[in-house]
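One structure is given here, and the rest of the page talks about it.
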Amino acid sequence: MSLYDRVVMHESRIKLSDDEQKALEAAAEKLKRRGTKTGGRFRDIKIYTYILAEPARRRRLDHFGNEGQGWDSEGWEEAYAAPLRKEVEALLGKDFSVDIGDKGHVYVYLKKKKS
């Protein structure tokens with residue numbers, strides 16, 4: 001079983017409240033409709049206990065910079081990850097945190113409300 005399959009199986013055991021599920025679905029819908037300047041429209045959006053989205057203009061760290069050899073992490077962060085993160089955060093608002101994986105995918109997490 002691959003690591004991806006194990007993570008998905010683990011995620012399927014975690015239950016979201018109805019409000020959390022609705023918030024993630026609304027955020028995913030915003031991503032579908034709007035897209036971003038840096039990443040373009042989103043080709044694929046999956047909802048787990050977080051959102052996993054693939055931008056049409058996805059830039060992978062292992063393919064970025066160094067004359068095609070990849071792994072220019074500072075350049076990738078400055079040119080792709082930071083601007084994309086900022087655009088998605090602005091689009092979705094303060095209830096979500098955003099991370100960009102090294103394969104260029106966008107991960108959106110619902111921030112837990114303090115009780």
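Every number here is computed from the coordinates shown, using simple stated rules; none is lab data. Quick caveat, the model's predicted, so the values are computed rather than measured. All Cβ positions, even for glycine, are placed from backbone atoms using ideal geometry, and neighbour counts span all protein chains on display.
Things to note:
- Between GLY104, GLY75, GLY70, the distinction of being free of Cβ contacts under 8 Å to residues at least 12 places away in the same chain and part of a loop (DSSP other than H, G, I, E, B) belongs to GLY70 only.
- In the set (1) within 14 Å of the chain's Cα centre (by Cα); (2) surrounded by 12 or more Cβ atoms within 10 Å (Cβ to Cβ), the condition left unmet by GLU29 is number (2).
- In the condition set (1) touching a His at 6+ places or on another chain (Cβ under 9 Å); (2) within 21 Å of TYR109 (Cα to Cα), LYS86 is compliant with all but (1).
- Of all residues making up the stretch 32-59, the number that are in a loop (DSSP other than H, G, I, E, B) and either closer than 14 Å to TYR80 by Cβ or under 11 Å from the mean Cα position of the chain (by Cα) (or both): 8
- Within this structure, ALA81 fails the test of being within 16 Å of the chain's Cα centre (by Cα), in a helix (DSSP H, G or I), surrounded by fewer than 16 Cβ atoms within 10 Å (Cβ to Cβ) and of a type in the set (A, V, I, L, M).
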